[in-house]
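Visitor: Dropping a structure here in structure tokens format, bear with me for questions.
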Amino acid sequence: MQDSMRGSAGSPARAGARCLYSGTPERPIYADIVAAAPDVALRHPVVMVHGGCHTGACYIATPDGREGWAGRFARDGHDVYSVDWPGHGRSPSCTDLPKLGTREIAQSIRVLLEAIGPAVLLVHSASGPMAWWIAENAPSSVAAILGIAPGAPANILPVLPDDPDEVAKLRDDASLGCPVMMPEDRPVEVGEAFMRAYWANAPRFPAHAFRSYARGIVPESARLFNERFNIGGRGLAIADPANLAMPKLIVTGDLDPRHPREMDQATAHYVGAEFVWLPDRGIHGNGHMTMIEDNSDEIAGLLLAWLHDKGL
């Protein structure tokens, strides 16, 4: 594989850097770099993007101390860039975090991809809409997309009422992703009950390490929550799914309360992605946080095998 197909030989990872700052001047982002193992053939770089209330640390190591996906992908020949959204983790703080929008985050990640790509873009949950938007607007920088229970582009989401009382009535509707509407005058801080209901609910979640996991949960943009559920039609849409010509894979576990099979299968159909419902591969018991659950290495192997099949 030629250097031109996997980023410049002078890229930060190739130069020995272990982290970098990128993004737009208004919304800078931090990324950890895990360089590809020196004894394997180099493949495309991978940019790993977390979901809401998390940071890129979820790809560096699991809460119970196992190797994260960043290291696993690096051992397979990929330079890995694990991103913190603006205002999250080690990215500079946002004084207006409650109003941080999905498109703004996507624009910052796009800057990184344009600097190191073409790269594989691995996204989770609320970063899903960002991936579809980036791929349409910077297609030469995106070699492929790996969507882990990714949010859909707003094009196929119902428009929910711009009314907190009406949205509250829909909170347990899995077909809508169990939506919530947040006031945009303060950051969203989720509690233990929320984490256990939506992120730590599955038997494969390392329950004995829950406290370690919970310490890494960060305040989130209220606007991002509202856009994620397309409240008032404000979600991030794309112009035409035909513009997403690169290979795409969506992977979902059977016990993810916000991502029933029908929802993620519909997303895959709309964006032209392959879809893997993990039970169809004999993999059961996964929830939303597959990258840190007890079979995370098995799922990483599935993702890497797909990339191998695509020559990436």
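The values are calculated or read from the model by the stated rules, or taken from the named source; none is laboratory data. Everything numeric here is computed off the predicted structure, so don't read it as measured data. Every residue, glycine among them, receives a Cβ derived from its backbone with ideal geometry; neighbour counts consider all protein chains shown.
Visitor: Those residues that are in a helix (DSSP H, G or I) and under 16 Å from the mean Cα position of the chain (by Cα), I need them from segment 234-269; list them, please.
Guide: Keep residues of segment 234-269 that are in a helix (DSSP H, G or I), which gives 241-243, 261-269.
If the condition is that a residue be in a helix (DSSP H, G or I) and under 16 Å from the mean Cα position of the chain (by Cα), then D264, T267, A268 are the ones that fit.
Visitor: While we're looking at this one, here's another question. Which of the residues that make up segment 144-159 are over 16 Å from H288 (Cβ atoms) and crowded, with 16+ Cβ neighbours inside 10 Å?
Guide: To start, the set of residues in segment 144-159 that are over 16 Å from H288 (Cβ atoms) comprises 144-145, 153-159.
Those that are over 16 Å from H288 (Cβ atoms) and crowded, with 16+ Cβ neighbours inside 10 Å: A144, I145, P153, A154, N155, I156, L157.
Visitor: Please work out if I29 is in contact with an Asp or Glu (Cβ under 9 Å, 6 or more places away or on another chain), of a type in the set (A, V, I, L, M) and not in a loop (DSSP other than H, G, I, E, B).
Guide: Details: in contact with an Asp or Glu (Cβ under 9 Å, 6 or more places away or on another chain): yes; of a type in the set (A, V, I, L, M): yes; not in a loop (DSSP other than H, G, I, E, B): yes.
Considered against the rule, which asks whether it is in contact with an Asp or Glu (Cβ under 9 Å, 6 or more places away or on another chain), of a type in the set (A, V, I, L, M) and not in a loop (DSSP other than H, G, I, E, B), I29 comes out as yes.
Visitor: State the number of residues belonging to segment 161-184 that are over 25 Å from the mean Cα position of the chain (by Cα) and either without any contact (Cβ under 8 Å) to a residue 12 or more places away in the chain or part of a loop (DSSP other than H, G, I, E, B) (or both).
Guide: In the first step, residues of segment 161-184 are kept if they are over 25 Å from the mean Cα position of the chain (by Cα); the result is 161-166, 168-169.
Adding the requirement that they be either without any contact (Cβ under 8 Å) to a residue 12 or more places away in the chain or part of a loop (DSSP other than H, G, I, E, B) (or both) leaves 161-163, 165-166, 169.
Residues that pass the stated criteria total 6.
Visitor: Here's something else I'd like to know. Scan segment 148-191 residue by residue and report those that are of a type in the set (G, A, S), under 20 Å from A266 (Cα atoms) and either at pLDDT below 95 or in contact with a Leu (Cβ under 7 Å, 6 or more places away or on another chain) (or both).
Guide: Result: A154, A174, S175, G177.
Visitor: A further question on this structure: Filtering segment 34-65 down to residues that are in contact (Cβ under 8 Å) with a residue 24 or more places away in the chain, out of contact with any His (no Cβ under 7 Å at 6 or more places or on another chain) and more than 30 Å from V190 (Cα to Cα), which residue is surrounded by the most Cβ atoms within 10 Å (Cβ to Cβ)?
Guide: L42
Visitor: For T95, work out the one condition from (1) in contact (Cβ under 8 Å) with a residue 12 or more places away in the chain; (2) farther than 24 Å from A273 by Cα it doesn't fulfil.
Guide: (1)
Visitor: Here are D76, D162: which of them is surrounded by fewer than 24 Cβ atoms within 10 Å (Cβ to Cβ), of a type in the set (D, E, K, R) and more than 25 Å from I292 (Cβ to Cβ)?
Guide: Details: D76 fails: more than 25 Å from I292 (Cβ to Cβ).
Step by step, each of D76, D162 is checked, and only D162 is surrounded by fewer than 24 Cβ atoms within 10 Å (Cβ to Cβ), of a type in the set (D, E, K, R) and more than 25 Å from I292 (Cβ to Cβ).
Visitor: What are the pairs with Cβ atoms under 6 angstrom where one residue, in segment 98-112, is over 17 Å from G235 (Cβ atoms) and the other, located anywhere, is in a helix (DSSP H, G or I)? Sequence gap at least six, or different chains.
Guide: Partner pairs satisfying both residue conditions: P98/A222; R110/I134.
Visitor: Filter segment 288-303 for residues that are of a type outside the set (A, V, I, L, M) and in a loop (DSSP other than H, G, I, E, B); which is surrounded by the most Cβ atoms within 10 Å (Cβ to Cβ)? Before the answer, list the steps.
Guide: Let us first name the residues in segment 288-303 that are of a type outside the set (A, V, I, L, M), namely 288, 290, 293-298, 301.
Okay, now just the ones that are also in a loop (DSSP other than H, G, I, E, B), so 288, 290, 293-295.
Details: H288: 25, T290: 27, E293: 22, D294: 17, N295: 17.
If we take residues in segment 288-303 being of a type outside the set (A, V, I, L, M) and in a loop (DSSP other than H, G, I, E, B), then T290 is surrounded by the most Cβ atoms within 10 Å (Cβ to Cβ).
This table checks each residue for (1) at pLDDT 95 or above; (2) among the polar types (S, T, N, Q); (3) touching a Pro at 6+ places or on another chain (Cβ under 8 Å).
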| position | (1), (2), (3) |
| --- | --- |
| A193 | yes, no, no |
| R196 | yes, no, no |
| N201 | yes, yes, yes |
| G235 | yes, no, yes |
| A242 | yes, no, no |
| P247 | yes, no, no |
